[in-house]
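Participant: Shown below is the structure under consideration.
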Amino acid sequence: MNSQRNYQPSYSRLIRFFGIVSIAIFLITWAIDLTGLTYPCPYCRTQRTIIGILGLILLMTSRLHPLLTKYIVTVLGGYGFVVAAMQHFMGWDDIYEGVYKFGNGGPWFFDEMLLSGGAMFVIVAQVFTTLLLTTNCNKRPI
């Protein structure tokens, strides 16, 4: 009975899955870009690269120094978020000017507003998850 009371859920599988999905997003979107199926957008390239790097860091959090990990994740996540927010804001600017075209004439899932908004959500989730993992430094081996 005591073992059930002291049970703390382990989210390591979910966190590992999140890191693997992030790296898969990175690889798939870069493959789509390099094969020429989409416009080579510098904003998108930056966002997908940041998502991949943060996914890799998320998988290796237990092997990295907590303070260094927090610093790198915060800097890279902030940079990726600002790039995604700028791209998203340019979409809102197009809406206000009346020149916005949903999906830019292609499939809806290539819409820059949706992709940059999704990138913002993913990057913030990666940063928060990594910061939560590195918060309790005393219980983790360095």
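Rule-based calculations on the coordinates, nothing more; no lab input. The structure displayed is predicted, hence computed values, not measured ones. Cβ atoms come from the backbone with ideal geometry, glycine included; neighbour counts cover every protein chain shown.
Participant: Could you tally the net charge around F102, taking each other residue with its Cβ under 11 Å from the Cβ of F102, Lys/Arg +1 and Asp/Glu -1? Don't skip to the answer; put the middle values down first.
Facilitator: Numbers: positive: K101; negative: D94, D111, E112.
Overall, the nearby charge balance is -2.
Participant: By counting other Cβ atoms within 10 Å of each Cβ, how are S22, S12, S116, S62 ranked from fewest to most?
Facilitator: Lowest count first: S12, S62, S116, S22.
Participant: May I ask you to derive the relative contact order of the chain, considering only C-alpha pairs under 8 Å and at least 6 residues apart, and to give it as an integer percent?
Facilitator: Answer for the chain is 29 percent.
Participant: All other residues with a Cβ under 15 Å from the Cβ of I23 taken together, and with Lys, Arg as +1 and Asp, Glu as -1, what is their net charge?
Facilitator: Residues near I23 contribute +2 overall.
Participant: With 10 angstrom as the radius, rank F128, F81 by how many other C-beta atoms surround their C-beta, starting from the fewest.
Facilitator: With the fewest neighbours first, F128, F81 line up as F128, F81.
Participant: Only helical DSSP H runs with n ≥ 4 go in: add -39500 (n - 2.57) per run for the chain, normalise by residue count and round the 222 nm mean residue ellipticity to 500 deg cm²/dmol.
Facilitator: After summing the helix terms and dividing by residue count, I get -24000 deg cm²/dmol.
Participant: Arrange D33, D93 by Cβ neighbour counts within 10 Å, fewest through most, would you?
Facilitator: Least to most surrounded, the residues fall as D93, D33.
Participant: Measure nothing but the geometry: give the 0 to 90° angle between the long axis through the Cα atoms of 66-97 and the longest principal axis through the Cα atoms of the chain, rounded to 10°.
Facilitator: 20
Participant: Please compute the net charge surrounding G91, taking Lys and Arg as +1 and Asp and Glu as -1 over other residues with Cβ under 12 Å from its Cβ.
Facilitator: Local net charge: -4.
Participant: Fully extended, how many nm does the chain gain between R45 and V124 (0.36 nm per residue separation, minus their Cα-Cα distance)?
Facilitator: Between R45 and V124, full extension yields an extra 26.7 nm.
Participant: Quick check on the stretch 11-139: take the gyration tensor over C-alpha atoms, sort the square-rooted eigenvalues as a ≥ b ≥ c, and tell me if it's rounded (a/c under 1.5), prolate or oblate.
Facilitator: prolate
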